Structures are given as structure tokens and as C-alpha cells.
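First up is the structure itself, then whatever we jot down about it.
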Amino acid sequence: NRTIEHEAYITMLAKSSAGVRVPQVIGVFRVAHNSYAMATELIQSDGLDKLSSNAITDKMLQGVWEQINTLHHGRIIHKDLRCANIMIEKATGLPWIIDFGFSESAIDEKSFYKDNVEFIASSATKVGAERAVHVASKALGRKALRDALPYMQYAALSGATTTDLKKQNGLLVSIREQMLIESKLDAGKFI
């Protein structure tokens, strides 16, 4: 019960306080003895993980990063920001964030690196390292990208993202290399 209530609370906080595009929580209901469920509004959408790489545009990824930045500005960390938890509305192409079961609020800024590397890595499994990191760099800025680099490792990523990365030999190394390239402040100079 408390787990579902926590998820409902963070989802509502993300929507009302931070202004993140999340489905409206309808309520938390008891469905069986010691078993509860959260009901939300239905968004006609497809998971980003279900879309083909050709269907995922840079504009779509930028929209996701806008929602992530809004979430972080509201001092909320998602802690499972992979493509499966990003829904793309069919009618508008707008991204919605779902599944706040692991999320926390009122946290330290350094915690946001977990979300950032998770979405970079997860989106790279769909669109490749170069595109994923380039769009992230434009959204986060070079300094934030550089600061996140030490966290780009299997130990910091979800099991699902790690599994997807390992299916594409060398992808994690490519992501790290692209993060280094994108985080350059001057030509030929890393800081």
C-alpha cells in the first residue's frame, strides 16, 4: 500500500508542483487483500521503447529532455528514466513520463546524474550513441554532460538498460566517447 501511495504522491507532485507531463492520478484502490493499484488517466500513446529508430526524431528526444529538466527543476528524481517509461502521445507526439515507483523528491542535485545517464544510455540503444548524446548535450549543457560522465557505467544503470546495451557490442564505450567529444569546451581541449 505505501509503495503505491508513494508512487501516486510523486506522480501528483511532478504534475502539480513541477509541471511535468504525467498522467493524472485518479486514485489508489485496494484490489485484493494487501494488494493495491493506482489508476491514472489513459493517454493514447506508444512507449518510446516500442518505436522504431526512424520514428524517433531529435525533436521528440528534445521534448523528453525538456520534461526531464522540468522534473529536476522541481527537485524530483525519477530513478528509472528509460525509454519504456516515456510515452509518446499519438495525437501530438508529446512525451509523457510514467512509473514513479522508485522516485524521490527534495533531493541533492548530484542525484540527477542517475536520471541523465539512464536516459542517454536507454535512448542510445534506440538511436545510437552520437544522436542520443548530441541531443542530451544541447538539453543539459556541456558542463552537466561532463559531470555525468563518471556515472555512465553499468553499475549506475538499470538492469533493463544494461541488458539492452550489452545486446549492442561496444555501445557503452561509444556513449562514453561521444560524451567526451560533446563535453569539449574548446577545440581539442577537455576541462
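The values are calculated or read from the model by the stated rules, or taken from the named source; none is laboratory data. Since this is a predicted model, take the numbers as computed values, not measurements. A quick note on method: Cβ atoms are made from the backbone with ideal geometry, for glycine too, and the neighbour counts reach across all protein chains shown. Note: areas computed on protein heavy atoms with side chains; ligands, DNA, RNA excluded. Shrake-Rupley method; radii C 1.70, N 1.55, O 1.52, S 1.80 Å.
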Residues within segment 127-185 that are more than 19 Å from Lys59 (Cα to Cα), in a loop (DSSP other than H, G, I, E, B) and either in contact with a Pro (Cβ under 8 Å, 6 or more places away or on another chain) or free of Cβ contacts under 8 Å to residues at least 40 places away in the same chain (or both), tallied: 4
Qualifying residue in segment 19-26 (condition: without any contact (Cβ under 8 Å) to a residue 12 or more places away in the chain, closer than 19 Å to Phe112 by Cα, within 20 Å of the chain's Cα centre (by Cα) and surrounded by 13 or more Cβ atoms within 10 Å (Cβ to Cβ)): no
Segment 89-113: number of residues that are open to solvent by 10 Å² or more (accessible area, probe 1.4 Å), under 14 Å from the mean Cα position of the chain (by Cα) and hydrophobic (A, V, I, L, M, F, W, C): 4
Subset of segment 114-131 that is open to solvent by 40 Å² or more (accessible area, probe 1.4 Å) and under 15 Å from the mean Cα position of the chain (by Cα) - its residue that is modelled with the lowest pLDDT: Lys114
Residue in segment 58-82 that is farthest from Ile120 (Cα to Cα), counting only those that are of a type in the set (D, E, K, R) and open to solvent by 30 Å² or more (accessible area, probe 1.4 Å): Arg75
Residue check for Leu51: of a type in the set (A, V, I, L, M), open to solvent by less than 50 Å² (accessible area, probe 1.4 Å) and either closer than 15 Å to Ala132 by Cβ or out of contact with any His (no Cβ under 6 Å at 6 or more places or on another chain) (or both): yes
